[in-house]
Amino acid sequence: AWCIGFGRGSPLSVLSLALYVLLVDFVVLGAALSTLAWTVANTYLLLPSGGRGGRSGGSGGGDERVEWLYAFDVHCNGLFVLSLLLHVLQYLLLPLLLRRGFWPALLSNTLYAAALSAYCYLTFLGYNELPFLRSTEVFVFPVVAIGGAYLVSVVLAATSGFSCTWLVASIYFTDAEVATTWGV
């Protein structure tokens, strides 16, 4: 749908974008984020006793570790909501989000901040379910940086019309394709 929306309806264009999104966005970025979270969990968040106070599920042996596939599954759960917001909802709002001006840019930047924050929160929920981990709220800490980046983006939206949607569309498509297709 994105290729058609930006005037690239040929089967080769659709296939190349689909492969890029699958290989780079899902596999490479997913593996990197999963590995980072897996490393943080296994290096810094394991309880020495293998259990979390009164919570059941810990063996008490302290030999439990987060499996990498679990980390990837947690990533996929967070990615699902992020994809709904940034691939489906954003696509439906493209005629509004790609307009020039403060309000479309503010809406775009808010959508990205909400999607990234939801990803962090769902990652936290996934790791918080494991009874042998402590301090899993570290997975929510990036929301502070997202909030800071959002505030900067609001200032940039007010001063220069900066829009996350325009930025990301320019990564996948040329500026000329975006401007020509959406008349901006």
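The values are calculated or read from the model by the stated rules, or taken from the named source; none is laboratory data. Keep in mind that this is a model prediction, so the values were computed, not measured. So basically every Cβ, Gly included, is an ideal-geometry build from the backbone, and we count neighbours across all protein chains shown. Heavy atoms of the whole protein, side chains included, go into the accessibility calculation; ligands, DNA and RNA do not. Shrake-Rupley method; radii C 1.70, N 1.55, O 1.52, S 1.80 Å.
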| Residue separation times 0.36 nm, minus the C-alpha to C-alpha distance between Leu69 and His87: what's the value? | 4.0 nm
| field | Largest-first ordering by accessible area, 1.4 Å probe, given options Leu47, Leu98 | value | Leu47, Leu98
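What FRET efficiency do you get for Val138 and Thr110 if R0 is 22 Å and r is their Cβ-Cβ distance, rounded to the nearest 0.05? Intermediate results must be reported in sequence, preceding the final value.
Details: r = 25 Å, r/R0 = 1.13.
The pair Val138/Thr110 has a calculated efficiency of 0.30.
Once neighbouring chains are kept in place and the probe is 1.4 Å, which whole percent of the accessible area of region 75-184 is contributed by carbon and sulfur? Walk me through the numbers on the way to the answer.
Values: 4110 of 5550 Å².
That fraction is 74 percent.
Leaving ligands and nucleic acids out of the surface, order Asp63, Asp25 by accessible area at 1.4 Å, largest first. Don't skip to the end; give the middle numbers.
On the way: Asp63 115, Asp25 40 Å².
The residues order as Asp63, Asp25, largest area first.
Report the gain in length on full extension from Val152 to Tyr44: 0.36 nm times residue separation, minus Cα-Cα distance, nm rounded to one decimal.
Details: separation 108, 0.36 × 108 = 38.88 nm, distance 3.10 nm.
Difference between extended and current length: 35.8 nm.
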| remark: Compactness check, region 125-164: C-alpha Rg relative to the 2.2 N^0.38 Å globular estimate gives 1.76
| request: Sort the following peptides by mean Cβ neighbour count (other Cβ atoms within 10 Å, averaged over residues), highest first: 40-46, 155-161. | output: 40-46, 155-161
